[in-house]
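Notes for the one structure printed next.
The values are calculated or read from the model by the stated rules, or taken from the named source; none is laboratory data. Not measured: the values here are computed from a predicted model. As a convention, Cβ positions derive from the backbone with ideal geometry for all residues, glycine included, and neighbour counts pool all protein chains shown. For the accessible areas, the whole protein counts, side chains as well, though only heavy atoms, and no ligand, DNA or RNA atoms are used. Shrake-Rupley method; radii C 1.70, N 1.55, O 1.52, S 1.80 Å.
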Amino acid sequence: MATHGRPDPRPARSRRRVTTPGRAAAGIGALAGVGGVVRWAAPASPLPPPTGPHPVGTTIVELEGPRTLPVQVWYPARAANGPGAPLFPASAGVARALAARYRIPAWTLRPIRRSRGTAIADATPAWTPADDGPVRGAVVISHGWLGFRTMHADLAEQLASEGWIVVAPDHVGGALAAQHPDGRVTGLEATLMPPDDAPDYRLRTAALVARYAEDLEAVVDAVAAGALSPLRPRADGVWLIGQSTGGGAATALAARDPRVRGVLGLDPWVQPVPSEARAALDVPMIAVRSGEWVGNGNDRLLTAMPTVELRAVPEARHADLTCLGYLSPVTRLVGLTTCDPRLPHDAALAAFADLVVR
């Protein structure tokens, strides 16, 4: 749990806790008992099928900025036939990182190695090189601390099917496993997130959110310039979606970048965002909070921001505001997620639909 009124942006299973031998044995025994269930219950295509009018394509590129960022793009396609692209191109590395970080037996996560989305790799875009850009606009998604770029692939695929270009970077250093197009995996820089009781906690968490915001700005620059080769989409305005640390970064960038038209925050961690930036935010923002974060110190800061509308999914924990609940039943068995993943999925999409008409 967080201390001093600070919400902990780390998913619950990643926080320090004391585990007795009896508790550990019971947990492992329970997982062993459901091993067969895990194997058949983790579908090869775990995400909800997109319901928009467009087939969905996806591609992975790298952007050079303050850091070399692996970036995934989802987009409306002319046609999309064949198997969906892997959700984890470097699947073995991601599974090992998830197992180690959340203290989950590695064998229980083997099924995610075959997990695929609906989007087809490198499908032909729905626009031609002569077009000005995407059908509706561009959305940039920023994952949280210990996340990765496909952490919100359910939202990305749905929005792309509705005509949006959706772009999500791996925040190298803050990503649990940043997956590069050539198969390399860059691991977490754990020292970027200080312990709760660190004397320089505020300084270091502000630096972390600022680092994420730098990454977002590099992506927005690329979108605005039509530089996401080979797609080269261009958009005059961008909407941001951010979860936890990514939500704080989206808030910080939106406060200073006129290209940002609105922000959807999923438990957006705004405490490390400078007070002057929070006060400067003048675009609409909808903050969808998990029940775990409602009423905390972060929530009180959001309430004081005049352009922010607060919504909540009371049944959800912090990690439920990602697609982890769809990926494997293990996430619920170990307490990482708790609710039906359709609840936060639908809440996020409804909030985004309301945001873009404001």
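Tabulated data
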quantity: Kirkwood Rh and Cα Rg combined as Rg/Rh, the range 148-228; calculated: 1.04
quantity: Cβ-placed point charges (K, R +1; D, E -1), dipole of the range 198-319 about Cα centre in debye, nearest 20; calculated: 60
quantity: Centre separation in Å (Cα based) which lies between the range 314-331 and the range 168-184; calculated: 21
quantity: Length added when fully stretched, A350-R96, from 0.36 nm per residue minus Cα-Cα; calculated: 88.0 nm
quantity: Förster-model FRET efficiency, 51 Å R0, A225 and E315, C-beta, rounded to 0.05; calculated: 0.80
quantity: Options H345, V283, N296, ranked by Cα towards positive dipole end of the range 254-358, top entry (Cβ charges); calculated: V283
quantity: Pairwise label distance in nanometres, A106 with N81, each label 7 Å out on the Cα-Cβ vector; calculated: 4.0
quantity: Largest-first ellipsoid semi-axes for the range 169-297, taking √(5λ) over the Cα gyration tensor eigenvalues, angstrom; calculated: 24, 21, 13
quantity: The range 259-358 - Debye-derived log10 I(q)/I(0), Cα point model, q = 0.12, 0.20 Å⁻¹; calculated: -0.40, -0.97
quantity: Surface accessible to a 1.4 Å probe, F352 within the full protein complex, Å²; calculated: 10
